[in-house]
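Working notes, structure below.
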Amino acid sequence: MASDPIATRDSGLRRVSRITRRAFAGALVLAGALSALAARELPGRTSPPVGHVARSHGGSSLLPPSEPGTAPGLQAPSGQGTGSAPLQPPVSAPVAGSGGGPIVSGGS
Amino acid sequence: MEELPHAMFPVFGTGAVVATVDPEGLDPAVATVRRVCEEFDAACSGFRTDSDVEKVNRCAGTWVAAGSLVLAALSEALRVAAATDGDVDPTVGSAVHRLGYDRDFAAVPADGPAVIGIEPVPGYARVRIDRQRRRARIPAGVRLDLGATAKALAADRAAAAAASAAGCGALVSLGGDVAVEGPPPAGGWEVGLADWHGDSAPGRSVRIRSGGLATSSTTVRSWRRGGDRVHHIVDPRTGRSALEVWRTVSVAAATCVDANAASTAAVIRGERAPAWLEELELPAMLVRTDGSIVRTAGWPAEVAA
């Protein structure tokens, strides 16, 4: 008995639709799993700010180009949170002293 | 300036000075500073096999759980490394050992054979911190040296804790790395400046009201290897002691950590240091090996002799 061409077409379309949905769902699951894996294996990544590069003094030969996932973790434990902040000047500059006293800043 | 109540005691193979505005606050301040220093020594000492940083060094190449204090010090060391474009790098540990500074300085032989195998240090960019899991990882073959940054961080934290315990302004100097916290005495905190922090007659001094003041010197922790003089400030790009353009560099900054980082980086940068310090608006006094002085960013020109 010859099959109904319309029924055959509908059946084929349903099969294609199922395959497409499963492939999409599979891709979502795979992407999620990879993201979770990456988050666990590559924690605390921080990109240096652009401004820091602009302030550099000509680059550093000792710093290799960053490989994926090898940037240093610059986030501090709670309480520090300094990231890659630049060195900060004092609120006010020192003023001249009188030359004496028990406290001396020097090499140690 | 009227001399303030103060106490001195040995710490980190060097000396500590604690001063308070109120005499009643000195004892609790000293007790607090001692406790903070003991905690830092246990966490960050490169000369104690049981310290947290030595545990990280022994486990180079793998993630290792680490205490919050060594993670904080390492995080600051990485920030400082980035802020100084790699001049002050915590991965100089092996280079410093190779030069002969592998034990408390008092026990380092004054002379020895020539150093071989000198090379650039691995670089801070390869150090990783996992904040969530409280662990760190350094590449195999790398050795951390948190010495300078950890000492300055200890001074910052000790000063904050001391001021709180004393209920008044407090100053803490750890081997010449000075941090102050709280209301200063009238006129500010007087700090002498010298090649060596133990100098009893420094001749020069400044007064600060907040933040930190640090001096790096190439003249104090120095020794000889193969007939050549070497010192403890290592240029990460060469693995050798930094060239001696400056005998001392003193820097004032918002914190002792930043002051220490800037003074150390300035020694390593040599002739490029004054322009860099000016750009960062960091007041500094740089003393050349011939004794001539360069000042930056508002460092007072007239200091009493």
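The numbers here are math on the coordinates, done by the rules we state, and not lab data. Here the structure is a predicted model, which means the values were calculated and not measured. Positions of Cβ are generated from backbone atoms using ideal geometry, with glycine treated the same way; all protein chains shown enter the neighbour counts.
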Q.
Taking 0.36 nm per residue of sequence separation and subtracting the Cα-Cα distance, how much length would be gained by fully extending the chain between B:GLU281 and B:ALA301, in nm to one decimal?
A. 5.6 nm
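May I ask you to sort B:ARG133, B:ARG34, A:ARG9 by Cβ crowding, counting other Cβ atoms within 10 Å and putting the fewest first?
Ranking B:ARG133, B:ARG34, A:ARG9 by Cβ neighbours within 10 Å, fewest first, gives A:ARG9, B:ARG133, B:ARG34.
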Q: Could you check the simple spin-label distance between A:SER98 and B:ARG272, using points 7 Å along Cα→Cβ, in nm with one decimal?
A: 4.3
Q: For an R0 of 22 angstrom, estimate the FRET efficiency from the Cβ-Cβ distance between B:ALA7 and B:SER164 and round to the nearest 0.05.
A: 0.80
Q: Rounded to the nearest 0.05, what FRET efficiency do B:ASP102 and B:GLU38 give with R0 = 30 Å and r taken as the Cβ-Cβ distance? Could you check?
A: 0.85
(Q) With an 8 Å Cα cut-off and a minimum separation of 6 or more residues, compute the relative contact order for chain B in percent. (A) 18
**Q.** Excluding exposed DSSP-loop GluC sites (Glu not before Pro) (at most 16 other C-beta within 10 Å), longest clean stretch of chain B
**A.** B:4-243
Q: State the extension gain, in nm to one decimal, for the chain segment bounded by B:ALA31 and B:THR62, taking 0.36 nm per residue of separation less the distance between their alpha-carbons.
A: 7.4 nm
Q. Mean Kyte-Doolittle of at least 0.5 and a Cα length of 18 Å or more along the axis: which whole DSSP H helices of chain B meet both?
A. B:68-83, B:147-166, B:256-269
(Q) Ignoring everything except DSSP H segments at least 4 long, calculate the 222 nm mean residue ellipticity for chain B; use -39,500 (n - 2.57) per segment, divide by total residues, nearest 500. (A) -9000 deg cm²/dmol
Q.
Would you work out the Kirkwood radius for the range B:108-150? I mean one over the mean of 1/r across all pairs of different Cα atoms, in Å.
A. 13.4
Q | √(5λ) per eigenvalue of the Cα gyration tensor, chain B, largest first, Å | A | 29, 24, 17
Q) If R0 is 22 Å, what FRET efficiency do you get for B:ALA186 and A:VAL91 from their C-beta distance, rounded to 0.05? A) 0.80
